[in-house]
Amino acid sequence: MLKMHSLRRSLSRTGGAVNVDSLIRGFATTGTVLENYKCKVLIVGGGAGGCAVGAKLSNKLGKGKVIILEPADKHYYQPMFTLIGGGIKTLSDSYRPMSTVLPALATWLKDTAAKFEPENNTVYTANGDKIDYEFLLVAVGLQLNYDKIPGLVEALSIPKGKVCSNYSPKYVSRTYDALQAFKSGNAIFTYPNSPVKCPGAPQKILYIGEHYLRKSKKRKNANVIYNSSLPVLFGVKHYADALWKIVKQRDINVNLRTNLVEVLPGKNQAVFQNLDKPEEKFTTDFEFLHATPPMSAPDVLSSCKNLVNETGFVDVSKDTLQHTKFNNVFSIGDCSGSPNSKTAASVAAQSQVVYKNMLAAMNGHKPVQVFDGYASCPLVTGYNTCILAEFDYSLTPLETFPLDQSKERYSMYYMKKDIMPPLYWHMLLNGLWNGPGFARKLMHFMDSPKPKPVQA
C-alpha cells in the first residue's frame, strides 16, 4: 500500500500522475478496492481550510498521521481572481503547484472522493481506493454550476466573446479582454440565486469594470447594470449604505431580485427572471456580460444524506464546526453548513477553532472553542480604493482597525492587492494565521480612551 502510494505521489511531482491514474482507473469500475489506507486524520480537500488545519494537525501529530485527499495539480488564491478580471494581476500570479503548499508532514493522496461513509469512518476514492480514518475534516469547497444556466457554457467558449466570469481559472482572463473590447451598450454584471463564495466578488468586478470604462473614456457610451437575485445590495447595512451611495454617484443601475436564467450567445442577449414574480421574464441585449455562476455543495457531498443538511452542506454546529451526528467529523470553509459568509477570511478564523476542537475530540473531551461567524470582504471599488467589510454571524460590523471601514480607502486597496496574497501563501496555508482577532483587540485597546490621572 505505501509503495503504491509513494509511487503515485512521486510521479505527481514530475508530471506523471496521469499515467498512474490511467493505469488504475479501469479497475475502479469493478468495485474492487485497490488500496486500503488508514490514518488518524483524513482531510478531504487541499484548499485554504484543508491546508491550514492540515498544517496544524500534522505538526502536532507527526509525520504520516494526516492524509490529504486532493486531485488538483494547482492551488489557486481565489481572492485574486477579482484583480485578474480588472487587469491588475495575471492568472500566473494566482497559483502555486499543489505539491509546494500542502503540509510537508501530511501525506498527499492525489485523488478525489467518490463516496463518503461516515457511519463506517470510510471514504472511497474515484480511483477505487478505500481510506479508513479516525477523524474526518471535510473541506471540499463549492461546486460551480455554469451548466445550470442554459447557453452560458456555450457563450463562455466563444473566443474573444462578450461573456466572461471571474469565478473560474478557466474563464477569469476573459473578463479584462471583454472590458477592453467593449465599445458601447449594456455592460451587465450578475449575482445568482444560490449560495456564493465571497458574496462581495460580483460587486467588486462591477466597480472595477465601471472604473475601467471611465479610465478608457468609454463610460458615456455604457449603460452599467447590476442584476442581483438578493433583496439587498449587501447583507450588512453598515456597508450597504455606503455602497448605495457609490452606485448612485456612478450612475449604476441596480435591479434586485433579478436572476440570470439564460444566455442567448448568438444574439448577445440575456434572459432574466423577477424572483418576486417568477412568471415574469425579460430579455436584455448586452455588449458585455459578467456572469457569476450558481453554486452548490459538490455532488459527491450532497449525495451523502447522513453527512449534510437539507441544503447539501455539511451539517455542523455553527459554534464548534463539529458534525451534529458524527462526533469525529468536522468541516471548514465553503462546504460547511455554518451560516457565515463564505470567504478566505472566514477560513482563517475557523481554522484555529476546528484545530482545537478536533484535538479535544481526539482526547475524549467536548469541543468548547466557538466560531463567531467572522467574515471579511475587501470590497474593491476601483483601481485604487476599497471598503474593508468585516462582520459576524449577526451581520454586526466586527472591524479590525480603529476607523470607519465603510469609507473607500487606498490603504485598504493596498492591503487587498499587496499584503493579503503573501499573508495567504506564507501564513494561512502554513497554519500560522488565525485571522485578525488578536490584532483587532490590540488596536482597539490602544485606541480606547485612557483614564485621567487622579489629582491629589
Complete set of residues in region 143-167 that are touching a residue at least 40 places away in the same chain (Cβ under 8 Å), under 19 Å from Phe81 (Cα atoms) and in a loop (DSSP other than H, G, I, E, B): Asn145, Gly161, Lys162, Ser165, Asn166, Tyr167
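Every residue, every condition in (1) open to solvent by 70 Å² or more (accessible area, probe 1.4 Å); (2) assigned to a loop (DSSP other than H, G, I, E, B); (3) touching a strand residue (DSSP E or B) at 6+ places or on another chain (Cβ under 6 Å), yes or no:
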{"site": "Pro231", "(1), (2), (3)": "yes, yes, no"}
{"site": "Ala240", "(1), (2), (3)": "no, no, no"}
{"site": "Ala270", "(1), (2), (3)": "no, no, yes"}
{"site": "Glu279", "(1), (2), (3)": "yes, yes, no"}
Which number in (1) open to solvent by 10 Å² or more (accessible area, probe 1.4 Å); (2) out of contact with any Pro (no Cβ under 8 Å at 6 or more places or on another chain); (3) part of a helix (DSSP H, G or I) marks the one condition that Glu134 misses? (3)
Across region 169-183, what is the total count of residues that are assigned to a loop (DSSP other than H, G, I, E, B), over 26 Å from Arg257 (Cα atoms) and either out of contact with any Ser or Thr (no Cβ under 8 Å at 6 or more places or on another chain) or free of Cβ contacts under 8 Å to residues at least 40 places away in the same chain (or both)? 3
Residue list for region 100-117, filter: small (Gly, Ala, Ser) and within 20 Å of the chain's Cα centre (by Cα): Ala113
Would you mind telling me which numbered condition in (1) surrounded by fewer than 17 Cβ atoms within 10 Å (Cβ to Cβ); (2) in contact (Cβ under 8 Å) with a residue 12 or more places away in the chain; (3) under 21 Å from the mean Cα position of the chain (by Cα) Ser92 fails? (2)
Could you check region 356-375 and list, in sequence order, the residues that are without any contact (Cβ under 8 Å) to a residue 40 or more places away in the chain and not acidic (Asp, Glu)? Lys356, Asn357, Ala360, Asn363, Gly364, His365, Lys366, Ala375
Selection from region 242-254 of residues surrounded by 14 or more Cβ atoms within 10 Å (Cβ to Cβ) and assigned to a strand (DSSP E or B) yields Val254
Selection status of Ser376, surrounded by 19 or more Cβ atoms within 10 Å (Cβ to Cβ) and in a strand (DSSP E or B): yes
From (1) farther than 30 Å from Gln203 by Cβ; (2) surrounded by 13 or more Cβ atoms within 10 Å (Cβ to Cβ), pick out the condition that doesn't hold for Gly312. (1)
If only one of Phe371, Phe326, Phe330 is of a type outside the set (Val, Ile, Thr), touching a Leu at 6+ places or on another chain (Cβ under 7 Å) and not in a strand (DSSP E or B), which one is it? Phe371
Show the residue pairs meeting these rules: Cβ distance below 7 Å; 6+ apart or different chains; first residue within region 433-456 and surrounded by fewer than 10 Cβ atoms within 10 Å (Cβ to Cβ); second residue at pLDDT 55 or above and not aromatic (Phe, Trp, Tyr). none
From Gly62, Gly50, Gly31, Gly54, grab the single residue that is surrounded by fewer than 16 Cβ atoms within 10 Å (Cβ to Cβ) and modelled with pLDDT of 95 or more. Gly62
Could you count how many residues in region 370-400 are under 24 Å from Glu210 (Cβ atoms) and of a type in the set (Val, Ile, Thr)? 4
Does Ala297 qualify as being surrounded by 17 or more Cβ atoms within 10 Å (Cβ to Cβ) and of a type in the set (A, V, I, L, M, F, W, C)? yes
Given (1) touching a Leu at 6+ places or on another chain (Cβ under 7 Å); (2) under 30 Å from Lys305 (Cα atoms), identify the lone condition not met by Cys386. (2)
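The values are calculated or read from the model by the stated rules, or taken from the named source; none is laboratory data. Values in this document were obtained by computation on a predicted structure and should not be read as measured data. Glycine also receives a Cβ, built like all others from the backbone with ideal geometry; neighbour counts cover every protein chain displayed. To get the accessible areas, we keep the full protein, side chains included, count just its heavy atoms, and leave off ligands, DNA and RNA. Shrake-Rupley method; radii C 1.70, N 1.55, O 1.52, S 1.80 Å.
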